[in-house]
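The structure appears below as structure tokens.
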Amino acid sequence: MKKKYWDFSRILLVVINVLLLASLAVAAYGVYNYKLSKDGEIARLNELIWLTEENNVIIPTNDFKEYASRYGSMAQFSQRYFPDELVYIGYGGIKFHELDKSLPLNPYNDIEKMSYDGSRPYYHDGGFTSKLGIDVSEYQGYINWNKAKKDGIEFAFIRVGYRGYSEGQMYLDGQFYNNMRGANNAKVPVGVYFFSGAINEKEAKAEADYVISRIRNFKVDLPIAFDMEDISASKNRMKKLTPEERTAITIAFCERVKEKGYEPMVYGNGKWLMERLNYSEVANYGIWYANWDYYYWPYRLGAYQYTSEGRVDGISGRVDMNVGFFDLD
């Protein structure tokens, strides 16, 4: 059988790609030092310089962005190099979004001030320390709220209910009343949320009314959150909504909540907030930001959901965990 040989150019291309991948991967774990340079300025970069003991690798900024988008380089790693942009995992890969500094900004966005007690993060800034919380629904089953509080839980978001994504009917969460009574009796501050399936503003207002009618007899210390997410099911009645329509639906829910004397909040991850909504139109509401990889959100922030794999005494199984930037004193 005749042997097949690769020509030199193809071999060289493979070697270069392997070296580039290796250098980026190792640098992401802090083995390499790095330096960003543009005439001594950090803000906007013309080139990215990898420093090793043996050589320097220079990568043009646009090439780096393209590489990150194409090959899924860690958003956290990329964020270090673009302080004037929000880097997040969007629809189709890594996205770079130029910060709009006219919007309310997050005063608690210095990642160096986030410390950990075991696996639990706390943000410390002068006299301010964040709170540790959970968000729960019927999927957690019965919760012993006294045990959860003793295990360090300082607040909770409790699901009131949801709207079916195929038929549009609203349903009460199976553990809503048990959770509200248990948390109130244990004196755990609570907010609530509704998993929306609204397809217009009228339905969004109805969802807000549904929530408010069911929390009247309970102590609610924290916001009422609007939670709409991507649904992959084929019979999803929301799948054809545009960003403009989703934004109008979100605002309708939040404004109805405000009318009734409560504080609204919008839940979402980076791609939902920046691509499924027109973020600038909801930026003045409290934001409950979900990122299970790392903490970074430059805009106004109320709570940060950092994992779905939490473990808490009094809860069997896993639970969503949150950092709260609330003053509960």
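Since every read-out is calculated from the coordinates, none of them should be taken as a lab result. Small disclaimer: the values here were computed from a predicted structure and weren't measured. Counting neighbours? That spans all protein chains shown, and the Cβs are built from the backbone with ideal geometry, glycine included.
Around R318, under 9 Å between beta carbons, what's the net of Lys plus Arg minus Asp minus Glu among the other residues?
-1
Where does the charge balance sit around D209 when Lys and Arg score +1, Asp and Glu -1, over other residues with C-beta under 14 Å from its C-beta? Don't skip to the end; give the middle numbers.
On the way: positive: R163, K202, K205, R214, R216, R256, K258, K260; negative: E201, E203, E207, E255, E259.
In short, +3.
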| Considering only Cα-Cα distances, which of the following residue pairs are longer than 22 Å: K101/K258; K150/K219; K205/K260? | K101/K258
| query | Fewest to most neighbouring Cβ within 10 Å: what's the order for T250, T61, T242? | reply | T242, T61, T250
| query | Can you sort W145, W292 by how many other beta carbons sit within 10 Å, fewest first? | reply | W292, W145
| Taking amide H positions as placed 1.01 Å from N in the peptide plane, with prolines and chain starts having none, which residues 5 or more places from T307, or on another chain, fall under 5 Å of its amide H? | M321
| message | I need the P(r) histogram for the stretch 141-197: all alpha carbon pairs, bin width 5 Å from 0 out to the longest distance, whole percents. | response | 4, 20, 26, 20, 13, 9, 6, 2, 0
| request: Quick one: work out the % antiparallel among DSSP beta bridges in the stretch 111-324, nearest 5. | output: 45 percent
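Tell me whether the stretch 57-216 comes out rounded, prolate or oblate; compute the Cα gyration tensor, take square roots of the eigenvalues as a ≥ b ≥ c, and use a/c under 1.5 as the rounded threshold.
Values: a/c = 2.45, a/b = 1.50, b/c = 1.63.
Oblate shape, in that a/c is at least 1.5 and b/c is the bigger or equal ratio.
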| In the P(r) worked out for the stretch 111-324, what percent of Cα pairs fall beyond 26 Å? | 33 percent
| Assuming a viscosity of 1.306 mPa s and a temperature of 10 °C, what translational diffusion coefficient in µm² per second does Stokes-Einstein assign to the stretch 199-300, Rh being the Kirkwood radius over Cα pairs? | 111 µm²/s
